[in-house]
Amino acid sequence: TGAILDTAGRVRQFLTRQKGLQVADYSDDLPHQDWVIATNAPDAAAPTIVPAARLLDPTGTRPGLVATFFTDQQFGKQAHSRVDETVNLYAPDGAPPDQGVPALANYSVRWEGKLVPPATGAYTFSIPGTGTATLTIDGNTVPTGNRAPAVQLAADKLVSIKLEWVQSTGDAECRLLW
């Protein structure tokens, strides 16, 4: 088994598209791995995926965010729900984003739950991928990306988080980084 540390997602795309492999994101709490591919620059400030240990369901009692899939781009026609440990979705062109979703294009996904910051401080979020995304934290829309302003969060204080993502056509990818 192996894992990948690939913020930009290019190696993941190659492994998925060209080799048909689904590879786990690297984290220190993974069990023994036979191999790890690390493509991140040795920059401590480089964004990383928001870890599963920092995401809870909307009640704040169970791990993971509730992911609700819609067969339209307006979040109106709900098709399926599941719990995702993190926001790390990838579906190649021509494949549905989930087995329970009868759509290959023009769909949307909403992730909702609680975010538990590990330390008090300023957090900057980014959402690399395809489509368009809107991130809401504690009821406020949050700009994302390298130049986005930071959001002040308190250690271990649960705040609501909602990520709404709309996909048109082609490969589908959405990841939540900080």
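The values are calculated or read from the model by the stated rules, or taken from the named source; none is laboratory data. Since the model is a prediction, treat every value here as computed from it, not as a measurement. Glycine also receives a Cβ, built like all others from the backbone with ideal geometry; neighbour counts cover every protein chain displayed. Areas reflect the complete protein model, heavy atoms only, side chains present, ligands, DNA and RNA absent. Shrake-Rupley method; radii C 1.70, N 1.55, O 1.52, S 1.80 Å.
Estimated at 0.36 nm per residue, the fully extended path between Trp35 and Arg17 surpasses their Cα-Cα distance by 4.5 nm.
Taking every protein chain into account, the accessible area of the chain amounts to 53 square angstrom per residue (probe 1.4 Å).
Here the chain has 50 percent of its accessible surface on carbon and sulfur atoms, given a 1.4 Å probe and all protein chains in place. For segment 25-133, a simple Cβ point-charge model (Lys and Arg +1, Asp and Glu -1, everything else neutral) yields a dipole of about 420 debye relative to the Cα centre.
For segment 29-114, trypsin sites (Lys or Arg not before Pro) are listed when DSSP marks them as loop and at most 14 other Cβ atoms sit within 10 Å of their Cβ; the list is Lys77. With the simple model of a label 7 Å out from the Cα in the direction of the Cβ, Tyr123 to Ser168 spans 3.1 nm. In this structure Ile161 has an accessible area near 10 Å², from a 1.4 Å probe over the protein heavy atoms. The spacing between segment 150-178 and segment 51-113, judged by their C-alpha centroids, is 12 Å.
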